[in-house]
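Here is the structure we will look at, set down as C-alpha cells.
What follows draws every value from the coordinates through simple rules; no lab data is involved. All figures in this text were calculated on a predicted structure; none of them were measured in a lab. Backbone-built Cβ (ideal geometry, glycine too); neighbour counts: all protein chains shown.
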Amino acid sequence: MTVRLRDTTDLIPIAREVRLAAQSLARHVKDHTPSLAPHLFTVLAWLEEGPATARDLAGRERVSAPSMSKSVSELEGRGFVSRAVDPSDARQKIVSLTDSGREALHRGRADRDEYMAALLVDCTPEELEGLQRGAELLRKVVGP
C-alpha cells in the first residue's frame, strides 16, 4: 500500500490558529500564576527526570551555557537544586533537584492547573469535551 503525502498548503490556516492559541494560552498562564518563571520551572522539570550537567540542560532548553549557568545559580540560591562534582569529569558539575525544588515544581504545576481550571469553569460540558479531545489530539501530533 502506498501512503500519499497530503499537501500541507490547506493546513496552514488551521496550523496558524493552533499555534497562536497555544502561544497565547502559555503566555496567559505564565502571566497569571505566581510560581517560578517558566525558564526556571522547565529546568526543574528536566531535573525531575534525573541529574544533569548545566551543559545538558542548556542543550535541552536550547539556550546558551552562560544563560543556563545563571538559571542554575538562581535555582541553587533558592535551594531548589544542588551541584556536585561529576565523578567521571571533575571539570563538570552535576545538577540535582532538591526536596525543596521538587516541592516548588509540584506547587508550580498545581498553580498552573488551578488557574487553568478557573478559566474553564464557564465552559459547557460540550466545550469541555471538545477541549479534552483537542488536547489529546495536540499530544498525539507533537508526541510525548
(Q) Using Cβ contacts closer than 10 Å as the measure, can you line up Lys30, Lys140, Lys93 from fewest to most? (A) Lys140, Lys30, Lys93
Q. In deg cm²/dmol, rounded to 500, what helix-only [θ] at 222 nm does the chain give when every DSSP H run of at least 4 residues adds -39500 (n - 2.57) and the total is split over its residues?
A. -21500 deg cm²/dmol
Q | Dipole axis of the stretch 18-82 (+1 Lys, Arg; -1 Asp, Glu on Cβ), positive-most option in Ala54, Leu25, Pro38 | A | Leu25
Q) In degrees from 0 to 90, rounded to the nearest 10, what is the angle of the helix 125-142 Cα long axis to the longest principal axis of the chain? A) 60
Q: Would you pull out the residues with amide H under 5 Å of Gln92's amide H, same chain only if 5 or more places away, H placed 1.01 Å from N?
A: Asp86
Q: Determine the dipole magnitude for the stretch 29-142: charges of +1 sit on the beta-carbon of Lys and Arg, -1 on that of Asp and Glu, nothing else is charged, the reference point is the Cα centre, and the result goes in debye to the nearest 20.
A: 600
(Q) At a 10 angstrom cut-off on C-beta neighbours, averaged per residue, how do the peptides 61-70, 96-105 rank from highest to lowest? (A) 96-105, 61-70
Q) Which whole-number percent gives the relative contact order of the chain, counting Cα pairs below 8 Å spaced six or more residues apart? A) 23
Q) Which of these values of Rg/Rh (Cα atoms, Kirkwood Rh) was calculated from the structure shown: (1) 1.21; (2) 1.04; (3) 1.08? A) (3)
Q | FRET efficiency, 1/(1 + (r/R0)^6) with R0 41 Å, evaluated for Asp56 and Ala15 via beta carbons | A | 0.85
